[in-house]
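Please treat every number below as a calculation from the coordinates, not as lab data. Computed from a prediction, not measured in an experiment: that's the story for all the values here. Cβ: placed from backbone, ideal geometry, glycine included. Neighbour counts: every protein chain shown.
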Amino acid sequence: MIEDIIKIAKQAGVKILEYYNEEIEVTHKKDESPLTKADLAAHHEIINGIRSIDPNTPIISEESGVPDFDERKNWNKFWIVDPLDGTKEFIKKNGEFTVNIALIENGEPILGVVYTPAMDLTYYAEKGLGSFKQVGNDIPVRIFSERADKSSPLSMIESRSHGSQELEDFLQKEDLNIKERIKSGSSLKICLVAEGKADFYPRMAPTMEWDVAAGDCVYRNSAKEGQHPSELMYNKENLLNPSFILGF
């Protein structure tokens, strides 16, 4: 199934890029987050694609609304999708936006695909089968990461567009030896930790489950043995995530 989901993510990426080189029209949702025609085009491509191969499993997409918890609480498996993660980066045209598709089972991601259309770069993972990076149509390469040692000099990756005072307060409190602060957008941040290009990713600003599920799957399965632990949980009554740190 992973090959099918990668194909769907890439097809959504094609839809997104149709709008990328044009003047981007931006509206705003109720929470003031930006919305473009590319978000909606990718959403429809993904929903139709998943339903064509898995018609019976529920789907939550950022652009389709969230069913009431009374309906969701008995789901043991569902898809969760962010059709265009990093809409602000898409609007800035810096390339750091992704298509995120994950399959959740019993509260954890068991399959995840993160596709970066502007870079033709794919990260993907399945529970127990490892994490991989694929550039274009090249042969996929297994990626690994190790949990960071807080006593060592550390490279930290952080959001390019969602900095917060809470993050600065956390860093001051922990008194970590930060040798490098890397900025990036979208789920690329989590994937760069999974790839070993950054030691850890602290996130104090708000995120939703669809923002992180696919990348979290890639991170968890980038361990050399077993899985990395992750504090992220899925199908909560409120899909808003608390602050989290990946890499420690």
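Data for the structure
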read-out	value
Cα long-axis angle, helix 37-53 against the chain (0 to 90 degrees, to the nearest 10)	80
Cα-Cα separations in region 192-248 greater than 19 Å, expressed as whole percent	24
Whether the chain is rounded, prolate or oblate, judged on the alpha carbon gyration tensor where a/c under 1.5 counts as rounded	rounded
Sparsely packed GluC sites (Glu not before Pro) within region 7-37, loop by DSSP, other Cβ within 10 Å at most 14	Glu22, Glu23, Glu25, Glu32
Nearest-0.05 FRET efficiency for Met119 and Phe144, computed from C-beta distance (R0 30 Å)	0.90
Gap separating the Cα centres of region 141-166 and region 203-228, nearest whole Å	12
Gap separating the Cα centres of region 86-129 and region 31-54, nearest whole Å	13
Diffusion coefficient, µm² s⁻¹, Stokes-Einstein with Kirkwood Rh over alpha-carbon pairs of region 151-232 at 10 °C and 1.306 mPa s	120
Computed lengthening from Glu180 to His28, 0.36 nm per intervening residue step minus Cα-Cα distance	51.3 nm
In degrees, nearest ten, helix 165-174 long axis to first principal axis of the chain (Cα)	40
Gyration tensor (Cα) of region 2-143, equivalent ellipsoid semi-axes in angstrom	23, 21, 12
Nearby lysines by direct alpha-carbon distance to Lys77 (threshold 18 angstrom, same-chain neighbours under 8 apart not counted)	Lys127, Lys236
Per DSSP, loop trypsin sites (Lys or Arg not before Pro) in region 30-79 with at most 16 further Cβ within 10 Å	Lys30, Lys73
Taking all pairs of distinct alpha-carbon atoms in region 77-157, Kirkwood radius in angstrom	14.5
Volume of the Cα convex hull of region 95-142, divided per residue and given in Å³	67
